[in-house]
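Structure first, commentary second.
Only the coordinates and a few stated rules stand behind these numbers; no lab work does. The shown structure was predicted, so the numbers you read here are calculated from the model rather than taken from an experiment.
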Ligand SMILES: [Zn+2]
């Protein structure tokens with residue numbers, strides 16, 4: 001069966017030369033074309049968004065009526081078109097999570113907006129697709145326990161805060177300690193790495209941590225596979241090589257497979273020298289999880 005990858009061409013909105021180049025998702029989908037079936041997500045309902053966000057923030061995003069303070073914290077321009085792209089990305093992770101529960105693997109060429117909190121957006125993330133997907137499938141009775149494996153170079157602070165006190169969700173974030181967000185939230189498991197950490201040390205810490213995630217016995221893992229731990233990333237300071245990033249992805253895939261836990265992949269951050277560089281890394285992550293040669 002041809003692997004399905006969730007993607008919408010409407011993700012590629014123009015942020016006007018911003019370091020968050022949404023074009024990377026379009027380029028990654030382009031690279032996968034032919035080898036996978038691209039599936040378009042549906043927009044989530046307001047009620048879906050309310051599972052993870054409060055009404056005031058949800059309605060601001062839906063009506064694109066962010067205040068100056070909201071925009072400053074989000075660090076992105078905003079418009080009805082951009083609002084739609086962020087909503088579609090939520091629908092995309094929900095759909096990829098459904099695919100994971102059906103077949104063992106779900107692939108989203110987008111998503112991973114882990115800095116979005118219940119009542120505000122920040123760090124380029126308006127809506128927390130990871131949180132909505134878990135809470136939506138749980139509300140439908142399709143899962144009871146879930147884990148988030150967040151390997152973006154930045155801490156998954158929004159996800160950690162949304163699930164704080166929720167005993168049925170395990171949040172794991174491994175990130176560079178001296179980067180944004182300055183004030184870290186508390187995940188179920190946080191591993192802080194020093195700037196300059198390379199492949200070997202990273203891999204050891206990851207294997208140990210994945211064991212703790214599996215001890216939680218989740219029904220589903222949502223993987224935030226940020227490409228920004230790469231040594232050439234403009235925002236990150238870790239020193240993972242391209243091979244190191246692939247070994248990281250393989251460790252997540254193999255661990256989930258060994259334990260029989262379905263996994264849905266989202267892409268998250270990535271700020272390589274060009275959008276094409278980041279897109280290449282994102283496409284490799286998805287190909288690896290699709291069981292293809294990378
Ligand atoms: Zn990041």
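Data table
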{"read-out": "C-alpha center-to-center spacing [the range 181-218, the range 123-170] in angstrom", "value": "16"}
{"read-out": "GNM flexibility winner over the chain from 156, 92, 196 (Cα, springs under 10 Å)", "value": "196"}
{"read-out": "Rounded to 5, the percent of DSSP beta bridges in the range 4-289 classed as antiparallel", "value": "5"}
{"read-out": "Gaussian network model of the chain, Cα within-10 Å springs - most flexible of 259, 154, 120", "value": "259"}
{"read-out": "Cα gyration tensor category, rounded, prolate or oblate, for the range 1-109 with a/c compared to 1.5", "value": "oblate"}
{"read-out": "Cα-based shape type of the range 186-294, given that a ≥ b ≥ c are square roots of the gyration tensor eigenvalues and the cut on a/c is 1.5", "value": "oblate"}
{"read-out": "Whole-number Å³ per residue for the convex hull built on Cα positions in the range 4-289", "value": "109"}
{"read-out": "Cα-Cα separations in the range 111-186 greater than 19 Å, expressed as whole percent", "value": "29"}
{"read-out": "For the range 72-155, Kirkwood radius (reciprocal of mean inverse C-alpha pair distance, Å)", "value": "13.5"}
{"read-out": "Percent antiparallel among DSSP beta bridges (both partners in the range 93-237, rounded to 5)", "value": "5"}
{"read-out": "Most mobile listed residue (270, 260, 236) in the chain, GNM with C-alpha springs under 10 Å", "value": "260"}
{"read-out": "222 nm mean residue ellipticity, helices alone, for the chain (DSSP H n ≥ 4; -39,500 (n - 2.57); rounded to 500)", "value": "-12500 deg cm²/dmol"}
